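Working notes for the structure below.
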Amino acid sequence: MAHSVYKYRTGEAYPHCYKYPQVALTADCVTFSFDGKNLYVLLIRRGGEPFKGCWAFPGGFVNPDETAEEGARRELREETSLEAEYFEQIKVFSAPDRDPRQRTVTVPFIVLSSHTNVVASDDAAQAKWFPVDQLPDLAFDHKQIFEEARAALKRSLNFNPVAYYLLPQRFTMPQLQRLHEIILDCKFDRRNFARKMNSLSILEEEERSQGMPRRIASIFSFKKDKLLLP
């Protein structure tokens with residue numbers, strides 16, 4: 001027998017009540033950007049309690065008619081004015097005491113953006129980019145969320161077009177190598193890295209102008225048809 005599905009309407013009472021305590025759902029955005037030299041993460045200074053004045057990831061409570069990703073996108077937009085394409089869900093955080101307000105489960109997302117213009121609004125008092133190795137103390141359990149996000153980004157680099165969303169449309173091989181080195185926390189030989197990237201057939205090299213010195217770095221772009229874009 002088919003069961004009808006209740007559709008939430010704003011302000012309406014739910015048709016069923018249960019004896020079990022209700023758990024709140026939030027979504028957080030660990031948003032990365034890259035300037036060609038350093039990797040950054042976006043934080044907001046909280047404008048309200050708890051942890052008023054502390055730094056945290058953009059995020060908040062998911063509305064009853066939203067998915068976790070929809071809530072994450074909305075909160076990022078409302079608190080920082082940032083719109084991004086790449087959202088990747090990572091490990092759920094559900095420690096019973098992670099939020100002093102009530103029992104709250106959060107769904108964090110890795111967000112990648114090549115745009116860095118942000119404007120704090122809603123309940124965010126300030127929005128600012130921090131180098132990933134120079135983060136301030138974070139509210140809630142956001143330090144653990146950040147560590148999981150960095151590990152997940154490292155894994156994702158091998159399977160998803162991470163560099164496509166972090167680099168500008170036109171970039172140099174040294175910029176691409178620097179991004180890989182920061183994410184993977186290792187160093188590569190310049191020639192070996194270039195050979196490896198070229199063997200993947202995902203890069204398009206611009207033709208050099210006649211007379212251009214060889215010491216000037218070549219400019220590349222990604223072949224979109226070769227990438228697994230969502």
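Observations
- With the simple model of a label 7 Å out from the Cα in the direction of the Cβ, Glu206 to Asn117 spans 2.2 nm.
- Shown here: the range 162-226, whose C-alpha atoms stretch 37, 27, 21 Å along the first, second and third principal axes, sorted largest to smallest.
- Cα gyration tensor shape of the range 24-156, rounded if a/c is under 1.5, else prolate or oblate by comparing a/b with b/c: rounded
- Long-range amide H partners of Gln126 with built H, under 5 Å: Arg45
- Between Asp35 and Gln169, the distance separating the two model label sites (each 7 Å from Cα on the Cα→Cβ line) works out to 2.3 nm.
- Cβ-derived FRET efficiency at R0 41 Å, Gln102 paired with Asp189, nearest 0.05: 0.20
- Summing charges over all other residues whose Cβ lies under 10 Å from the Cβ of Ala72, with Lys and Arg as +1 and Asp and Glu as -1, gives -2.
- Phi angles of the range 48-63 translate, via the Karplus equation with coefficients 6.51, -1.76, 1.60 and θ = phi - 60°, into HN-Hα couplings of x, 6, x, 6, 4, x, 8, 8, 7, 7, x, x, x, 6, 7, 6 Hz per residue; Gly and Pro are given as x.
- Computed helical MRE - 222 nm, the chain, DSSP H runs ≥ 4 contributing -39500 (n - 2.57), nearest 500: -7000 deg cm²/dmol
- If you bin all the Cα-Cα distances of the chain at 10 Å, starting from zero, the percentages per bin are 7, 28, 29, 19, 11, 4, 1, 0.
- Peptide packing: for 93-102, 175-184, the average count of neighbouring Cβ atoms within 10 Å per residue gives the ranking 175-184, 93-102, highest mean first.
Since every read-out is calculated from the coordinates, none of them should be taken as a lab result. Quick caveat, the model's predicted, so the values are computed rather than measured. Heads up, the Cβs are rebuilt from the backbone with ideal geometry, glycines too, and the neighbour counts pull from every protein chain shown.
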